[in-house]
Structure formats: C-alpha cells, structure tokens
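The values are calculated or read from the model by the stated rules, or taken from the named source; none is laboratory data. Source: prediction; values computed, not measured. Side chains are part of the model used for accessible areas, which takes the heavy atoms of the whole protein and leaves out ligands, DNA and RNA. Shrake-Rupley method; radii C 1.70, N 1.55, O 1.52, S 1.80 Å.
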Amino acid sequence: DGDRNLKRFALLALLAAPLFASAAGEALTIDYFSIKGATARELRNELNRLGPIGETGMRGDGYTHWRIAWKYDLAPRGNTCVADNIRVTLEVKMILPRWEPPPGVSSSLVGLWDRYLTALRFHEDGHYRIAIAAADEVRNTLARYRAGGDCPALEESLNSRANDILN
C-alpha cells in the first residue's frame, strides 16, 4: 500500500510540474551535480560532500534559488502618475543530484534512489511554486496600485510594496 501511494505521489509530481512551469512564462533552469556510489551509504556520503550550499550556508541534497525583478514605465497624467507596461520576471535555478548506477548495483538500490529523487524533486518544486506565487503577487500588486501621487512617490510606493512581498 505504501508503494502504491508513493507511485501515485510520484505520478502527481510528474504531472503537476509542467503546470507550474507554464504559469506565467517563468524561466526554470535545472542544473545537475553528479554523484557516484554502489551502496546507499556511499550515495549519502556523496550527497553530503557534493550537495549544493544554500543561502543559509548549509549543504543540502538539492537547492532551488529564485529571483524576481520588475520594471514599469512611469508617466504623468494630469495631477497623478501612472505605471504602464508592468513587467515581472522570475528566474528559478534548481540544483539536483544525478546518479548513474554502476554495473552490478542492486535493483533495490536503483528503486530506492528513484523514489528518493522523486521526493526530492517534489520538495524542490514546492520552492518553485512559492516563487511563482510571489511573482504573481508582485505582478498583481503592481497592477492594483499602478496610479497615484507624483511619479517619484509612486515609484517608491510600488517598489516598497513589491519588496514587502519578497520579504
């Protein structure tokens, strides 16, 4: 029953991942680092030794970093200023391990690795979903508050609101 649930979980992850990528044209890059080993302990040691270092300075098995940027054009319209041509971009870089099983490695280790990698990818996709939601929130907020005051005040307000979302 656990294997059946894991397979459903893996299938859901594989089916859902493309939906996130197409949400608003965000750029997702996946980089891989290679590990070697013929036992679970050797693979764990390689992950501990070679895994990416995150913003906390800690080494992990995978890592997802994202960056949101925004631009807009400001134009005075009468006594107010309006932000037009609002553009929000999201760049996401995911780093995952890659293992090529050596000849003669047990099929149970290959299965264990496949389940582990599926779960790791699902976890990293969670960070990707958070990034997409943040980019969407920045986009919606900039559009909602796109007019008011003079242009320097509007620019300060829009940037402050967008930065508050990221914080």
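Just a few scattered comments:
- Of residues in the range 45-57 being at pLDDT 95 or above and of a type outside the set (G, A, S), the one most open to solvent (accessible area, probe 1.4 Å): R49
- Test: residue in the range 19-41 that is part of a helix (DSSP H, G or I) and at pLDDT 95 or above: yes
- Number of residues in the range 63-104 that are open to solvent by less than 30 Å² (accessible area, probe 1.4 Å) and among the β-branched types (V, I, T) equals 5.
- Any hit, the range 65-81, residues being part of a strand (DSSP E or B), over 23 Å from E26 (Cα atoms), at pLDDT 95 or above and charged (D, E, K, R): no
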